[in-house]
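Comments concern the structure below.
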Amino acid sequence: MVLPFLFVAPSEKRGRGMFTSEDIAAGTVIEVSPVIIMSRKERELLDQTLLHDYIFEWGEKKDMCCMALGYVPVYNHSYESNCEYEMDFEQEQISIKTVRQVNAGEQLFINYNGDWNDTKPVWFNAK
């Protein structure tokens with residue numbers, strides 16, 4: 001499930017990103033995406049490829065990884081994100097939800113650390 005007013009567009013200095021053409025209220029689930037779950041051994045192989053930047057740690061012990069389908073891999077990182085992601089291990093899916101009002105034309109960001117307000121450094125040079 002992806003809300004119909006979300007779209008992919010060029011994102012300055014970030015390649016592509018997710019945007020909205022309509023205002024979105026805080027607490028709105030904007031996407032629910034199935035995932036492909038992979039083992040630790042498969043993750044070691046993925047870590048040697050470009051896909052490393054698009055996978056998520058997975059499982060209660062974070063001993064696996066997953067590749068989200070849908071648009072989830074297109075959301076860019078921000079330490080001041082306007083969205084958060086939640087993993088549903090039973091349903092094998094990731095949902096994206098707004099953490100504040102998002103205005104039409106705004107880019108949608110998640111914090112790659114998992115918590116929308118986590119300021120730990122990520123594995124790449126982020127602003």
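All conditions in (1) out of contact with any Asp or Glu (no Cβ under 9 Å at 6 or more places or on another chain); (2) closer than 24 Å to residue 43 by Cα; (3) surrounded by 19 or more Cβ atoms within 10 Å (Cβ to Cβ) hold for residue 81, with the sole exception of (2). Return a yes/no flag: does segment 46-65 have any residue that is among the small types (Gly, Ala, Ser) and either at pLDDT 95 or above or assigned to a helix (DSSP H, G or I) (or both). No, every residue in segment 46-65 fails to be among the small types (Gly, Ala, Ser) and either at pLDDT 95 or above or assigned to a helix (DSSP H, G or I) (or both). Among the residues of segment 87-108, is any out of contact with any Ser or Thr (no Cβ under 7 Å at 6 or more places or on another chain), at pLDDT below 95 and of a type in the set (Phe, Trp, Tyr)? No: zero hits. Would you mind stating whether residue 20 is β-branched (Val, Ile, Thr) and over 23 Å from residue 107 (Cα atoms)? In short, no.
Within segment 71-85, being under 19 Å from residue 20 (Cβ atoms) and free of Cβ contacts under 8 Å to residues at least 60 places away in the same chain holds for 72, 73, 75, 77, 78, 80, 81, 82, 83, 84, 85.
Quickly run through segment 105-116 and pick out the residues that are surrounded by fewer than 19 Cβ atoms within 10 Å (Cβ to Cβ) and either of a type in the set (Lys, Arg) or in contact with a Phe, Trp or Tyr (Cβ under 8 Å, 6 or more places away or on another chain) (or both). Scanning segment 105-116 gives 105, 106, 107, 114. Of all residues in segment 109-118, those that are modelled with pLDDT under 70 and of a type in the set (Val, Ile, Thr) total 0. For segment 9-26, name all the residues that are closer than 22 Å to residue 56 by Cβ and exposed (fewer than 12 other Cβ atoms within 10 Å of the Cβ). Residue satisfying the conditions is 15 alone.
For segment 6-30, the set of residues classified as in a loop (DSSP other than H, G, I, E, B) and either free of Cβ contacts under 8 Å to residues at least 12 places away in the same chain or more than 17 Å from residue 95 (Cβ to Cβ) (or both) consists of 12, 13, 14, 21, 22, 23, listed by residue number.
The values are calculated or read from the model by the stated rules, or taken from the named source; none is laboratory data. Keep in mind the model is a prediction, meaning the values are calculated, not measured. Cβ sites come from the backbone with ideal geometry, for glycine too, and all protein chains shown count toward neighbours.
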